[in-house]
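Okay, structure first, notes after.
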Amino acid sequence: MARRALVRVPASSANLGPGFDVLAAALGLYMELEVQETGRFGVETELPIARDRRNLVVRAFGELAPVDRFTFRIRSEIPLSGGLGTSAAACVAGLLAADRLFARNADILERATRLEGHPDNAAASLLGGFVVCADGKARRFDLPAGLEAVLVVPHEAVRTTEARAALPACVPLADAVFNTGHAALLVLGLAHGDWDLVARGLCDRLHQPHRAHLYPRSIALVRRAAALGALGATISGAGPSVLFWSRPDASPDVAAALADQAAGWADVLRVPFAAQGAEVRAP
């Protein structure tokens with residue numbers, strides 16, 4: 001019987017303000033991968049991505065198993081313009097499919113981290129919920145009830161390499177202390193469902209100010225988050241997408257206000273945080 005696997009992987013938002021390369025959350029937008037043993041190699045997708053062996057799903061699968069006899073069918077509702085963990089989701093999807101089909105029992109997070117360079121997005125997509133990453137490992141904790149995401153997704157992308165290059169090699173001690181304190185406040189607020197602590201904990205001095213020139217309209221919305229009715233907002237990953245943190249009862253008004261502000265240059269999406277991480281089926 002021909003081997004076949006179906007994988008569903010959520011999007012993710014990393015950094016979450018002060019938690020640069022440390023904190024991330026899974027979001028309710030999904031990439032779906034079907035891998036089928038057809039006797040030939042192929043990539044079938046309507047997405048504007050590579051359809052040969054350069055494809056990141058294929059490369060990830062190839063880390064654990066040969067790709068020659070498999071067809072990869074990829075569907076995704078995760079925006080490609082940047083900041084929502086598309087690359088990490090692709091790595092996780094390919095690795096999980098190969099691991100299931102060939103019973104490799106691999107350390108998926110370690111493999112995905114090797115491909116991606118850091119574990120935050122991959123850990124959130126793999127495990128779901130909120131994750132804290134350190135020393136190449138990740139620990140998740142459950143989502144607090146009553147929290148929702150509203151995303152602003154600009155039409156124009158910012159290259160991750162450009163965003164990384166904008167960061168200074170050294171930072172002032174005061175800024176490092178500031179981020180340590182606010183990351184702690186954010187994790188404590190999320191763990192206890194304390195929205196005041198969450199709102200206070202979303203501030204950052206390590207990466208968002210240095211990258212502001214790359215996405216001035218995005219950062220302007222971050223600074224107006226409270227006035228727009230959200231608890232706060234953070235640049236998602238390396239940007240330019242923005243994650244607005246909101247109570248569900250406020251989300252419709254927040255989304256409406258953002259749609260007006262983003263008209264013509266970005267899309268606004270109201271999505272849940274995702275408690276469930278990647279899922280695999282092998283019928």
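For the reader, a short list of remarks on this structure follows.
- Rounded to the nearest 20, the size of the Cβ-charge dipole of the stretch 1-137 about its Cα centre is 440 debye, with Lys and Arg at +1 and Asp and Glu at -1.
- For Leu16, nonlocal amide neighbours, meaning residues 5 or more places apart or on other chains whose placed amide H falls under 5 Å from its own, are Gly237.
- Taking each DSSP H run with n ≥ 4 as -39500 (n - 2.57) and averaging over every residue of the chain yields -10000 deg cm²/dmol at 222 nm.
- Taken along the Cα-to-beta-carbon direction at a fixed 7 Å, the label points for Asn105 and Ala145 span 3.9 nm.
- 16 Å reach of a label modelled at Arg40, 7 Å along Cα-to-Cβ, counting backbone N of the stretch 53-97: 53, 68-73
- Computed over protein heavy atoms with a 1.4 Å probe, the carbon and sulfur contribution to the accessible area of the chain reaches 51%.
- Within the stretch 10-107, the GluC sites (Glu not before Pro) that combine a DSSP coil assignment with at most 12 other C-beta atoms in a 10 angstrom radius are Glu46, Glu77.
- Estimated dipole of the stretch 77-210 in Debye, rounded to 20 [Cβ of Lys and Arg +1, of Asp and Glu -1, Cα centre]: 360
- Extension gain, Leu47-Ala2: 0.36 nm per intervening residue step, less the Cα-Cα distance, totals 13.6 nm.
- Cα gyration tensor, the stretch 130-270 - rounded (a/c under 1.5), prolate or oblate: oblate
- Choice from Ala257, Ala112, Ala123 with maximal GNM fluctuation in the chain (Cα, 10 Å cutoff): Ala257
- Nearest-20 debye value, the chain charge dipole, Cβ charges on Lys, Arg, Asp, Glu: 600
- Residue with peak Gaussian network fluctuation, the chain [Cα springs, cutoff 10 Å], from Ile78, Ile108, Ile49: Ile49
- Across the chain, the longest piece that holds none of the trypsin sites (Lys or Arg not before Pro) lying in DSSP loops with up to 10 other C-beta atoms within 10 Å covers 55-283.
- A Förster distance of 41 Å, applied to the separation of the beta-carbon atoms of His192 and Arg73, puts the FRET efficiency at 0.45.
- Matching the structure-derived percent of Cα pairs over 22 Å apart against the labelled list (1) 74; (2) 64; (3) 55 gives the label (3).
- Inter-label distance, nm, simple model (7 Å from Cα along the C-beta direction), Val280/Arg54: 2.8
- Reported to the nearest whole Å, the Cα centre-to-centre distance from the stretch 1-49 to the stretch 140-212 is 24.
The values are calculated or read from the model by the stated rules, or taken from the named source; none is laboratory data. Just so we're clear, the structure is a prediction, and the values are computed from it rather than from any experiment. Please note: Cβ atoms are built from the backbone with ideal geometry, for glycine as well, and neighbour counts cover all protein chains shown. In case anyone asks, the SASA skips ligands and DNA or RNA and just uses the protein heavy atoms, side chains included. Shrake-Rupley method; radii C 1.70, N 1.55, O 1.52, S 1.80 Å.
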